[in-house]
Structure formats: structure tokens, C-alpha cells
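*Asks:* What follows is a structure written as C-alpha cells; I'll ask about it next.
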Amino acid sequence: MKKRYFPILILLVFPLMLFGQSKELLLNSIQILKLDSIASQDVPSGAPGIATAILKDGKVIYERYFGYADLADSVKIGASSRFNIASNGKQFTALAIQILIDQKKLKLEDDIRTYFPNLFPKIKEKLTLLHLLTHTSGIRDCYDLWSLQGLTWWKNTFSNTEVLALMSKQEDLNFKPGEKYLYSNTNYILLAILIEKVSGKAFVDFTDQMFRDLNMPNTSFVADYKQIQGPVARSYFNFGTWTTYDWIWNVNGDGNLFSTLADQIQWEKVIAGTAESRIRRKIISQSQKFVTGSKIQNYGYGLEFGKYKGLDYAFHEGATGAWKATVTRFPSKGVSMLTLTNTGKAIPYSQTRQMADYLFELPKDEGFFITKPAQIGKYVSVDQILGTYLTDADFAFTFIKKNDKVFLKREGRNDVELDRESDNIFRQKFDPDFKQEFTTNDQGDLQVTAYYTNHAPYSLIKTKALGNNFDFKSLEGEYFNSETDVRFSIRYVEGNNYELQRGVNSKSQGLMVSENKMLVDSYSLEFSGNEMFLFGERIKKVKFRKE
């Protein structure tokens with residue numbers, strides 16, 4: 001890909017008009033400085049940073065660059081700096097599928113196994129392109145499968161060929177196709193492989209032509225990390241000092257798309273109809289809507305749909321290592337917001353929505369969410385609340401007592417000490433805004449509802465105590481899954497506790513929370529006879545047989 005360099009664009013400070021639903025919002029120098037403070041809040045002096053822009057009706061009204069693209073060479077981020085925009089690339093994989101559909105080479109209702117007959121031969125239901133596009137296929141996420149195998153994906157150089165081989169070993173799905181929504185990167189990797197098969201061109205070659213048609217010359221998927229063209233905004237983590245790393249990843253379609261803010265602005269202009277493109281307008285317009293025939297109303301062609309503080313919006317987030325990216329579109333306002341980063345300190349999701357809060361005069365999080373119980377309820381003792389509580393997705397709170405003090409245990413976090421606030425309400429000792437309300441639900445189960453200033457309340461239900469006659473040692477043994485070649489060795493320790501070993505060096509603690517469910521790290525295990533089923537965030541029903 002030919003290198004092109006652009007000068008850093010400087011936004012002139014003069015009044016601009018941003019039209020809201022009911023009144024005009026003057027973007028003056030003071031407001032621009034406020035946006036600058038939001039954009040640069042996690043970009044200290046001499047650090048990597050961000051590129052960000054806001055468009056109104058397809059015209060740029062705010063564009064800024066903060067921080068360095070390369071600390072070693074003191075190169076600052078500019079319009080030509082190339083970022084890995086990760087999962088934001090899914091919208092372009094979906095666009096390539098739409099182009100092939102428009103060329104009559106594909107149909108939304110095509111079964112993926114028409115093109116890949118070795119995939120999922122035991123699944124009787126149709127597994128269509130629509131299912132893959134909308135994450136309703138039930139296909140397991142390859143990254144979670146690699147994690148289960150003990151592989152750290154970014155330390156390897158896998159390609160789409162390895163993904164296809166891994167999926168060819170899968171005998172089952174997370175759920176029946178079309179039954180529900182569950183995000184899985186594998187869907188879009190398989191779509192990329194399909195594009196190659198149907199077009200007769202390498203995926204990168206096909207999409208490079210698409211980007212040329214969109215007038216986005218500095219945007220390209222990566223199938224060979226050694227061929228990445230500059231100038232790249234290197235990604236940096238900070239664990240006391242700024243640290244970069246080599247990018248050696250070749251899987252694409254789900255992400256691994258390098259682009260510039262200038263090209264992403266061009267894409268927003270194409271969507272708005274204020275920039276030229278050689279792709280049919282009908283395809284561009286359809287790319288911003290739900291997929292025809294889909295029952296899912298929260299995901300379309302590589303885009304999520306929802307509401308933000310009462311406003312309808314389309315959006316997507318991307319994150320791979322320290323590279324992160326966000327695109328947010330508010331159709332009723334005619335506003336698009338873009339943020340690309342190369343720093344592990346910045347959170348584009350949060351920053352972009354802070355800008356929306358400011359521009360649209362939306363309530364702050366603490367004014368929008370319910371952040372505390374409405375009233376004090378019936379008294380609960382400390383002994384009553386002790387135990388494990390679960391959401392439907394098996395996210396767990398465990399309340400324990402140590403030295404007459406109450407602590408909350410959560411996976412991946414430090415234990416936090418709690419204080420009683422009132423009869424049925426506790427709070428974190430050193431962060432009193434985090435409150436836990438204990439009540440009884442309609443089924444008579446004790447539940448805890450968690451409140452905080454930056455999220456809506458959510459509830460977890462207390463698990464029932466194990467019966468006195470439960471045979472803890474009956475679960476001991478070796479369990480093997482042929483789809484991943486993973487083996488678990490389970491040994492009973494004491495109380496409700498187990499030790500699990502996966503491979504040679506991986507040991508974990510297991511907590512039995514019911515007569516057939518155990519929590520281990522980020523997984524839940526369900527036992528049925530001589531079978532064990534593993535459930536993770538994006539992998540479900542992974543079957544292990546007891547040997």
C-alpha cells in the first residue's frame with residue numbers, strides 16, 4: 001500500500017453551529033477547549049495519545065490530535081497516523097459481503113456450509129450469512145477457545161487458516177442458530193474467508209479495492225504483519241513506564257484493520273452523502289440499517305444499535321492490546337464521533353460519550369442512573385448474607401467474613417471490605433458510592449442489587465446451600481474435550497472447594513455453588529453424570545467427558 005502523508009490539521013477557533021433537536025448549540029472557543037480537555041484527559045506530556053473528530057451532517061466541526069505516534073522517534077500523532085481500529089473493522093467486512101450480495105454472488109439466506117461443508121456437520125439447522133452478520137449463529141469465539149487451550153493469542157502468529165482448522169473440530173454450537181445474540185469474532189473471520197472463496201481474490205486484495213472505491217487509500221486489513229505500511233501509531237501500555245510491543249497477528253475480518261482518522265472521516269462523509277464513492281449509494285445506506293430478515297434489533301452490518309440516555313444511536317467499539325477505537329453515530333442529531341488511540345490509558349468509549357453528554361447537554365451518569373436504593377428494607381444479618389450470588393450469566397458475588405469483618409469477593413478483583421449502611425444496605429468501606437441492597441425476590445430467594453454512579457443497578461440471586469448428603473468426591477477425576485484437546489483434572493480439597501489443573505502449569509481453585517455447578521476462574525462448570533459442560537463469556541456448552 002502506497003504511503004501518503006498529510007499535514008496535521010489545526011482547527012480554527014471560530015463559532016460553528018451544531019444543531020440539536022430543539023435548539024442551536026454554538027460551538028465556540030470555550031466549548032472547543034472543553035472538548036479538548038475531554039479528549040486529552042488521559043494524554044500526559046510526552047505520552048502516546050489519540051486522534052478524534054466530530055462531524056455534523058457530514059462536515060467536520062471538530063478534529064484534534066494529542067500525543068505521540070512513536071515515542072522512540074518523537075513522532076506526533078497526525079491525520080496520516082495509522083491505528084489498528086480492531087473490531088471497528090467489522091463494518092467493512094460486512095460491507096464487502098453486501099457488495100457480493102449486490103453482485104448476485106451471495107445471498108443472506110445462504111448456509112455457510114454450502115461453501116465450507118466440513119463445518120458443523122452434526123448441526124441440522126441452517127447456519128446462514130444473516131446469522132454470522134448479526135452474531136446469532138451460536139458459533140464459538142475462537143479467542144475464548146484459544147484461552148481455554150491456555151494460549152495467549154497475541155503471543156502467536158495465527159492466520160484465518162488456523163481459525164478455520166479450529167472451527168472444523170467443533171462439534172457443537174453455543175446455541176441453535178437464530179435462537180439468541182452472542183458476540184463472536186469467529187463469525188466475521190469466517191465471513192472474510194468466504195469473501196475470498198466467492199470473489200476469487202485474497203480478502204485483503206478484495207477489500208483494498210473496496211477502500212480505493214471509498215477513497216480511503218490508507219486503510220487496509222492485515223494478513224501479513226510484516227507488510228504493514230506506515231506511518232503506524234505504535235501501541236503503548238503503561239505499567240510504571242511506557243512499553244510498546246511487536247504486532248505479529250495475521251487473523252483478519254473480525255478486526256486487524258489499520259486506518260487513519262482522515263480515512264475514517266472520509267467514511268463518515270460517504271455515509272452522510274457529502275463525499276464521493278464508487279460504491280452504490282443503496283449499499284451504503286443499507287449498511288447503516290438492520291439486516292433484512294433479522295429478528296435481532298441490536299446488531300446489524302458490523303454495527304451495534306441501542307439508546308444512549310434516551311437517544312437512538314449506532315456504534316461500535318474496537319480494542320486489541322493498547323489500540324482502541326470508537327465510532328458513535330446519533331442519526332437524529334446528524335452527528336458522528338470518532339476516536340482512535342494508541343495508549344492503554346485512554347478509554348475512547350468513555351471519552352466519546354463524555355463529548356456527547358457535553359454537546360447534547362445530557363444528564364451526568366449519576367443523574368441518569370439509579371445510584372442508590374429507593375428505601376430501607378427489612379433487616380438482614382451478616383450471617384444471612386454470607387454466600388455466593390449469581391446473575392443469569394454466572395457473574396458472581398461472594399460475601400465472606402474474616403476477623404468479624406464482611407468482604408466481597410469477585411473474580412479478577414481484590415476483596416473489598418464492606419460496612420453496614422442501614423438494615424439491609426451495605427457499602428464498600430473506601431468507596432461508599434458502591435452499595436449492595438439485600439432483598440427477597442418474588443420467588444422467595446435472597447438477592448443482592450448492586451448500585452454505583454456509572455452503571456445501572458443489577459441483581460444477583462443467592463445460590464442454595466449444598467445438602468448434607470452431597471458427595472463432593474464424586475466429581476473428582478479427569479475430564480477431556482476432543483474439540484479443543486483440553487483436559488481438566490479435578491481434586492476435592494475441603495468445604496465447597498476444589499483444585500483444578502489444566503495442562504502442566506495451570507492450576508485454579510473451584511467453588512461448588514450448587515449440586516451441579518462449580519465456578520472456576522471466569523468459567524462455570526455444570527455436571528451431569530459422567531459429563532461436564534463448560535460455560536464462558538463467548539463459549540457455551542463445551543462438553544467434557546469423564547475418563
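*Asks:* Return yes or no: is E526 in contact (Cβ under 8 Å) with a residue 12 or more places away in the chain and not hydroxyl-bearing (S, T, Y)? Write out each step before concluding.
*Replies:* Numbers: in contact (Cβ under 8 Å) with a residue 12 or more places away in the chain: no; not hydroxyl-bearing (S, T, Y): yes.
Against the criterion (in contact (Cβ under 8 Å) with a residue 12 or more places away in the chain and not hydroxyl-bearing (S, T, Y)), E526 does not qualify.
*Asks:* Only one of R82, R64 is basic (K, R) and either modelled with pLDDT under 95 or under 21 Å from W249 (Cα atoms) (or both); which?
*Replies:* The conditions single out R82.
*Asks:* If you don't mind, there's one more thing I want to ask. Quick check on this structure: which one of I400, I376 is aliphatic (A, V, I, L, M) and touching a Ser or Thr at 6+ places or on another chain (Cβ under 6 Å)? Outline the logic, then answer.
*Replies:* On the way: I400 fails: touching a Ser or Thr at 6+ places or on another chain (Cβ under 6 Å).
That would be I376, the only listed residue that is aliphatic (A, V, I, L, M) and touching a Ser or Thr at 6+ places or on another chain (Cβ under 6 Å).
*Asks:* Determine, yes or no, whether D110 is of a type in the set (D, E, K, R), crowded, with 16+ Cβ neighbours inside 10 Å and more than 22 Å from K126 (Cβ to Cβ).
*Replies:* On the way: of a type in the set (D, E, K, R): yes; crowded, with 16+ Cβ neighbours inside 10 Å: yes; more than 22 Å from K126 (Cβ to Cβ): no.
No; evaluated as a whole, the condition is false for this residue.
*Asks:* For the subset of the range 149-181 comprising residues that are among the aliphatic types (A, V, I, L, M) and surrounded by fewer than 20 Cβ atoms within 10 Å (Cβ to Cβ), which member is nearest to V222 (Cα to Cα)?
*Replies:* Here is the first cut: in the range 149-181, the residues among the aliphatic types (A, V, I, L, M) are 151, 163-167, 173.
Filter again for surrounded by fewer than 20 Cβ atoms within 10 Å (Cβ to Cβ), leaving 151, 164-166.
Details: L151: 21, L164: 17, A165: 19, L166: 20 Å.
It comes out as L164.
*Asks:* OK, next. Quick one: W154 ticks every box in (1) touching a helix residue (DSSP H, G or I) at 6+ places or on another chain (Cβ under 7 Å); (2) not charged (D, E, K, R); (3) not in a loop (DSSP other than H, G, I, E, B) except a single one, so which number is it?
*Replies:* That leaves (1) as the condition not met.
*Asks:* From the set of residues in the range 421-436 that are touching a Phe, Trp or Tyr at 6+ places or on another chain (Cβ under 7 Å) and either in contact (Cβ under 8 Å) with a residue 12 or more places away in the chain or of a type in the set (S, T, Y) (or both), which is farthest from F397 (Cα to Cα)?
*Replies:* By that ranking, first place goes to D423.
*Asks:* Between E417, E361, E411, which is within 30 Å of N28 (Cβ to Cβ) and either of a type outside the set (A, V, I, L, M) or not in a strand (DSSP E or B) (or both)? Even if it seems obvious, please write down each step before you answer.
*Replies:* Details: E417 fails: within 30 Å of N28 (Cβ to Cβ); E411 fails: within 30 Å of N28 (Cβ to Cβ).
Selected residue: E361, the only one of E417, E361, E411 that is within 30 Å of N28 (Cβ to Cβ) and either of a type outside the set (A, V, I, L, M) or not in a strand (DSSP E or B) (or both).
*Asks:* Hey, among V232, V222, V204, V163, which residue is under 29 Å from K124 (Cβ atoms), in the same structural domain as F116 (by TED's automatic domain parsing) and of a type in the set (A, V, I, L, M)?
*Replies:* V163
*Asks:* What number of residues in the range 228-240 are surrounded by fewer than 22 Cβ atoms within 10 Å (Cβ to Cβ) and either of a type in the set (A, V, I, L, M, F, W, C) or at pLDDT below 95 (or both)?
*Replies:* Residues meeting the conditions: 8.
*Asks:* Report yes if A356 is in the same structural domain as I248 (by TED's automatic domain parsing), among the aliphatic types (A, V, I, L, M) and either over 26 Å from L129 (Cα atoms) or assigned to a loop (DSSP other than H, G, I, E, B) (or both), otherwise no. Quick ask: steps written out before the conclusion?
*Replies:* Values: in the same structural domain as I248 (by TED's automatic domain parsing): yes; among the aliphatic types (A, V, I, L, M): yes; either over 26 Å from L129 (Cα atoms) or assigned to a loop (DSSP other than H, G, I, E, B) (or both): yes.
Answer is yes for this residue.
*Asks:* Still on this structure: Looking at (1) more than 22 Å from the chain's Cα centre (by Cα); (2) under 20 Å from G321 (Cα atoms), which one does L151 not meet, given that it meets all the others?
*Replies:* That leaves (1) as the condition not met.
*Asks:* Sticking with this one: Of all residues in the range 274-291, which are under 24 Å from the mean Cα position of the chain (by Cα) and either assigned to a loop (DSSP other than H, G, I, E, B) or outside the structural domain of H131 (by TED's automatic domain parsing) (or both)? Full working, then the answer.
*Replies:* We begin by selecting, within the range 274-291, every residue under 24 Å from the mean Cα position of the chain (by Cα); these are 286-291.
Selection gives S287, Q288, K289, F290, V291.
*Asks:* Select from the range 509-547 the residues that are more than 25 Å from the chain's Cα centre (by Cα) and small (G, A, S) and write down the one among them that is modelled with the lowest pLDDT.
*Replies:* Step by step, filter the range 509-547, then rank; the result is S514.
*Asks:* I need the full set of residues from the range 390-429 which are exposed (fewer than 14 other Cβ atoms within 10 Å of the Cβ) and of a type in the set (A, V, I, L, M, F, W, C), in order please.
*Replies:* Scanning the range 390-429 gives A393, I400.
*Asks:* Say whether the condition of being part of a strand (DSSP E or B), in contact with a strand residue (DSSP E or B) (Cβ under 7 Å, 6 or more places away or on another chain), surrounded by fewer than 21 Cβ atoms within 10 Å (Cβ to Cβ) and not assigned by TED's automatic domain parsing to the domain that holds T341 is met by at least one residue in the range 62-69. Please lay out each step first, then the result.
*Replies:* Filtering the range 62-69 down to residues part of a strand (DSSP E or B) leaves 62-66, 68-69.
Retained after the next criterion (residues that are in contact with a strand residue (DSSP E or B) (Cβ under 7 Å, 6 or more places away or on another chain)): 62-66, 68-69.
Filter once more, keeping what is surrounded by fewer than 21 Cβ atoms within 10 Å (Cβ to Cβ): 63.
Then drop every residue that is not not assigned by TED's automatic domain parsing to the domain that holds T341, which leaves 63.
Yes, the range 62-69 has at least one match.
*Asks:* Condition (residue is in a helix (DSSP H, G or I), at pLDDT 95 or above, over 21 Å from E537 (Cβ atoms) and β-branched (V, I, T)) applied to the range 370-389: is it met by at least one residue?
*Replies:* yes
*Asks:* Further, regarding this structure: Looking for whichever is among the polar types (S, T, N, Q), farther than 30 Å from I50 by Cβ and touching a helix residue (DSSP H, G or I) at 6+ places or on another chain (Cβ under 8 Å) here; the options are T128, T114. Which one fits? Spell out how you get there, then give the answer.
*Replies:* Numbers: T114 fails: touching a helix residue (DSSP H, G or I) at 6+ places or on another chain (Cβ under 8 Å).
The match here is T128.
The values are calculated or read from the model by the stated rules, or taken from the named source; none is laboratory data. Keep in mind that this is a model prediction, so the values were computed, not measured. So basically every Cβ, Gly included, is an ideal-geometry build from the backbone, and we count neighbours across all protein chains shown.
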